[in-house]
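To start, the structure under review is shown below, and the notes come after it.
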Amino acid sequence: MLYVACEGASTEPDYLEYLNERFGEGDDRKRRSFKIQPVFRKNGMTPSGVVEAARKVAREDEAWALFDRDQWDDIPQAIRVAAESKVEVAFSHPSFDLWLLLHFQPFAGAQSGSSGLVVEKLRRAKGADAFKDYDRRGDKNVRGARRDALNSKEGRAVKHARSLVGSCARGDCDPDGARFEPVGRDAGPWSPRTWTARSGHAPDCPILQRDPSTDVWRLLVALGIDGREADASRDENG
Ligand SMILES: [Zn+2]
């Protein structure tokens, strides 16, 4: 059981339920079974609220916080609390929608916190017909045909997200530097810089300048999802 708290009340919780349904039983090769408990509020939460909620609900269990760049400015505070309480961070810049888009195509170019172009590309991406009305009239669910469209493209999304780490403007960010092993709640101190470097970005790569990027791939690899394809993409990149 792991707890994943998120900013939004629709897209991310829907996606986490999809992971449970599609992969939660594990498989007979190497993937263990898991159950994600999504943690969210009806009207959403700020990034620091997300970290706080994950910390409280998870107690001693594994906890993750999913949040975006596009809306809030209390991210440094969120990172501080996450590092103190060992809540894993899956940060997306500009938004979680980038993670969805990477299932269908690669993406590049700084967006300065705006999710507009990412959403536009998602609506028009090849194979993403189910997303053609995404985020119109507040329709940001990830259910039904949208889940079907994502299904089996996880390896591709992981590969595209890894390559965004490698092409980060900092230059010394490297997806092979990402860390997945669980860190206990009572482990020794981690600084905010080293904690967010678990994403593969260099410790001196400021999180707000990781534009564009998404750490959600690290949650999937931590769960053993598409580990083999992730390995294959490492070989290609390596
Ligand atoms: Zn970086």
Checklist entry - Looking only at region 194-227, which residues are part of a helix (DSSP H, G or I), surrounded by fewer than 19 Cβ atoms within 10 Å (Cβ to Cβ) and within 12 Å of the ligand (Cβ to nearest atom)? => result LEU208, GLN209
Checklist outcome for this item: Taking region 152-162 and keeping only residues that are among the small types (Gly, Ala, Ser) and surrounded by fewer than 21 Cβ atoms within 10 Å (Cβ to Cβ), one is left with SER152, GLY155
Checklist entry - Out of all the residues in region 112-141, which are out of contact with any helix residue (DSSP H, G or I) (no Cβ under 6 Å at 6 or more places or on another chain) and either of a type in the set (Gly, Ala, Ser) or not in a helix (DSSP H, G or I) (or both)? => result SER112, GLY113, SER114, GLY116, ALA125, LYS126, GLY127, ASP133, ARG136, ARG137, GLY138, ASP139
Checklist entry - Under 8 Å by Cβ, and 6 or more places apart or on different chains, what pairs join a residue from region 149-173 that is more than 18 Å from ALA90 (Cα to Cα) with one that is in a helix (DSSP H, G or I) and near the ligand (Cβ under 8 Å from one of its atoms)? => result ALA169/GLN209; ARG170/GLN209
Next on the checklist: Given (1) at pLDDT 95 or above; (2) crowded, with 17+ Cβ neighbours inside 10 Å, identify the lone condition not met by GLY8.
Outcome noted: (1)
Checklist entry - If you check every pair at least six apart or on different chains, which have Cβ atoms under 6 Å apart with a residue in region 206-224 that is closer than 15 Å to GLU88 by Cβ and modelled with pLDDT of 95 or more first and a residue that is within 16 Å of the ligand (Cβ to nearest atom) and hydrophobic (A, V, I, L, M, F, W, C) second? => result THR214/LEU98; THR214/ALA161; ASP215/ALA90; ASP215/PHE91; VAL216/ALA90; TRP217/ALA161; ARG218/ALA178; LEU219/ALA90
Checklist outcome for this item: Checked region 163-179 for anything more than 8 Å from the ligand (Cβ to nearest atom), within 11 Å of ARG218 (Cβ to Cβ) and surrounded by 23 or more Cβ atoms within 10 Å (Cβ to Cβ); matches are PRO175
Checklist entry - Is region 75-82 home to any residue that is of a type in the set (S, T, N, Q), out of contact with any helix residue (DSSP H, G or I) (no Cβ under 9 Å at 6 or more places or on another chain) and in contact (Cβ under 8 Å) with a residue 12 or more places away in the chain? => result no
Next on the checklist: Tell me whether region 39-62 contains one or more residues that are surrounded by fewer than 18 Cβ atoms within 10 Å (Cβ to Cβ), closer than 21 Å to PRO192 by Cβ and not small (Gly, Ala, Ser).
Outcome noted: yes
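The values are calculated or read from the model by the stated rules, or taken from the named source; none is laboratory data. Everything numeric in this text was worked out from a predicted model, so none of it was measured. Please note: Cβ atoms are built from the backbone with ideal geometry, for glycine as well, and neighbour counts cover all protein chains shown.
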